[in-house]
Amino acid sequence: MKHAVLFVFSAISLVFAAVTAQAQGPGALDGSKLKLASANVLVLDAASNEPIYAKAADEVTPIASLTKLMTAIVTIDGGQSLDDPIAIDMDDFDFLKGSRSRLGLGTELSRREMLRLALMASENRAASSLARHYPGGMPAFIHAMNAKAAALGMTRTSFADPTGLTARNVSTASDLATLVAAAAQYPLIREFSTTPSHFVEVQPSGRFLGFNNTNALVKSSDWDIQVSKTGFIREAGKCLVMMATISSRPVVIVLLDSLGRYTRIADAVRVKYWLETGQSMPVRTAPAVKAAKATPKKATAKGAVQAKVAQNARIPVKAKAPA
């Protein structure tokens, strides 16, 4: 009975903290309670354009595949038909990082599908093909990328390719927040960057290939995400940018140079919890870990079977690339 009362009291306290944090607004949030592993961070109130939390937000750093948000903007602004077929050429192969792709030489898709795969699955060959088929080719496309960055006021941003595989694509968390806000004005970018999974029929083979979003959070019912993009190369670390509605307001989250496979996702979850409650996210306690290890074998086996079924139900993705 005592434990039940404590549980109810704790739940009420969290709800009160969330309501208080939302009512007081971003200025009342205590940034010292937000512990993040990402090196460069900006959390921005998208409605007021006011920063809620910043950490080395003006430091210039490689941005990897976050580049593809600008690639998408320039592609759409180019005004070419999204229904036109374009093909993968040897010039789209990655000889810099050696990343793989299932879009083989000669693979043909519509410009629309190339754009979707570049955003949701961070497909490098798709992004390169979009740029090559731009009026004036790759040089004109890269020029348009930098011109758009300048027009948006991204003064510390520079692009050298449409994929982000080169470390010469650099920006800051502050500039990237501007890019995310600009990308959110494009319905196709909002749709394609948050598509959880998608099948495409590639020509000329007619084969169907399945792709998954590189940001697992878009599949979560706990999140309301409008724009999403991940990025990774060794020089940039793990990166993630999003626009999401949290506590009934649009928020831009920029997380750069995260170490570890799951750090950027964990940091995003911490930001969300902090915005909702004003508190640091609870750390899993030792007794909880011990209890998890003591799970009966029967339950564990059942969980393993369920996980296997879920795994088999997912769209297979055989090849991974910097994302």
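Bear in mind that the values in this text are calculations on the coordinates, not laboratory data. Keep in mind that this is a model prediction, so the values were computed, not measured. Here the Cβ positions follow ideal geometry from the backbone for every residue, glycine too, while neighbour counts run over all protein chains shown.
Per-structure values
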quantity	calculated
Euclidean distance between Cα centres, the stretch 246-287 to the stretch 37-113, Å	23 Å
Order of 83, 89, 30, 257 - criterion: other Cβ atoms within 10 Å of each residue's Cβ, fewest first	83, 30, 89, 257
Members of 97/229; 33/68; 33/148 lying beyond 30 Å, as alpha-carbon distances in this model show	33/68; 33/148
Virtual paramagnetic centre 7 Å along Cα→Cβ of residue 191, amide N under 19 Å, in the stretch 217-257	218-219, 225-229, 243
Ratio Rg/Rh [Cα only; Rh per Kirkwood] for the stretch 24-312	1.00
Per-peptide average of other Cβ atoms within 10 Å, ordering 233-240, 138-145 highest first	233-240, 138-145
Potential lengthening between residue 32 and residue 205 on full extension [0.36 nm per residue; Cα-Cα distance subtracted]	56.7 nm
Three-way shape label, the stretch 204-266, alpha-carbon gyration tensor, a/c 1.5	oblate
Under 18 Å from the Cα of residue 272 - aspartates and glutamates, other chains or at least 8 residues apart	30, 45, 50, 222, 224
Residues in the stretch 250-281 reached by a label modelled at residue 219 [backbone nitrogen below 19 Å; 7 Å Cα→Cβ]	261-269
